[in-house]
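As structure tokens, the structure follows; a few thoughts come after it.
The values are calculated or read from the model by the stated rules, or taken from the named source; none is laboratory data. All of these numbers come straight from a predicted model, not from anything done at the bench. Here the Cβ positions follow ideal geometry from the backbone for every residue, glycine too, while neighbour counts run over all protein chains shown. For accessibility, only protein heavy atoms count, side chains too; no ligands or nucleic acids. Shrake-Rupley method; radii C 1.70, N 1.55, O 1.52, S 1.80 Å.
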Amino acid sequence: MTWRLEIALQTPAHSALGDLLSYASPAPLLAGTLVRVPLGRREVLGVVWASQAAAPDPQAEPVALREIAGALDALPPLGDAWRDLVGFAARYYQRSLGEVALSALPPQLRDLSAVQLARRLKRRDDAAGRGPVPAGDMAPAPTAEQTRALARVAAETGPFLLFGSTGSGKTEVYLRAVAALLERNPQAQALVMVPEINLTPQLEARFAERFGASAVVSLHSGMTNPQRLASWLAAHMGAARIVLGTRMAVFASMPRLALIVVDEEHDPSYKQQE
């Protein structure tokens, strides 16, 4: 049986192609699976958005569908939440699904074949260390205000607005909230966002000191393409428990995301106005 896949691609500008293009596959693929497909004379990366059995009646399919070149099945599919976010952004900015989806993925990932990706993942697995162990004994004793804030976070579902002047100890609240999350759920992930790139290294150093360098990755536009790919893969595969970054980090694939911290949430840098 042949399966019909609806795939999001980054199509040429002004090509008048729709949001999703249809391709044939010899096997069903889950929504969110990354695939390589022919587009014109090129082979490009796409994201499966839907899969269904092709019509058995050849008269019902007036156009013969091109078959996918292959699936990057070494990676788990991108989750429902990630695809929902891409769909929201595409509607909000009036862009195609494929343009937003492929822009949200690391540039280097778009050029990897299934074999190249499998080799890279094997090297990453061979070099991977153990997951983080929350080091609560390294933390200073919390103040009364910090204790009250953490109690609210533990007891309620949020969102929460943590207000305090510079140096009042907000970052320690973030650190302890993340530590409590990881103690409750060994598989959970946390996203910590900052408004500017220059704030990332100092915050990453504090989180790495508390949780271990292998548990923390950064995502921002100042990174090289190989660095962005490595961080994205660590987040997507669940190896990175904490992702730090600027606004682009919101598009990281974090299948076990359970806590989001937006540091300096009032800063206008979080939303580009150009």
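Computed values, structure above
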quantity: Accessible heavy-atom area order of 3, 232, highest first, probe of 1.4 Å; calculated: 3, 232
quantity: Charge dipole (debye, nearest 20) of the chain; +1 at Cβ of Lys and Arg, -1 at Cβ of Asp and Glu; calculated: 480
quantity: Residue-averaged 222 nm ellipticity for the chain, from DSSP H runs of 4+ at -39500 (n - 2.57), nearest 500; calculated: -10000 deg cm²/dmol
quantity: Ordering of 183-192, 63-72, 157-166 by burial proxy (mean other Cβ atoms within 10 Å per residue, highest first); calculated: 183-192, 63-72, 157-166
quantity: The chain: relative contact order in percent, alpha carbon pairs under 8 Å with at least 6 residues between; calculated: 17
quantity: Cα-centre dipole for segment 132-274 with unit charges at Cβ (Lys and Arg positive, Asp and Glu negative), debye to 20; calculated: 340
quantity: Amide proton proximity set for residue 70, modelled H, under 5 Å, gap of 5+; calculated: 36
quantity: Rounded to whole Å, sorted largest first: equivalent-ellipsoid semi-axes of the chain, Cα gyration tensor; calculated: 39, 20, 17
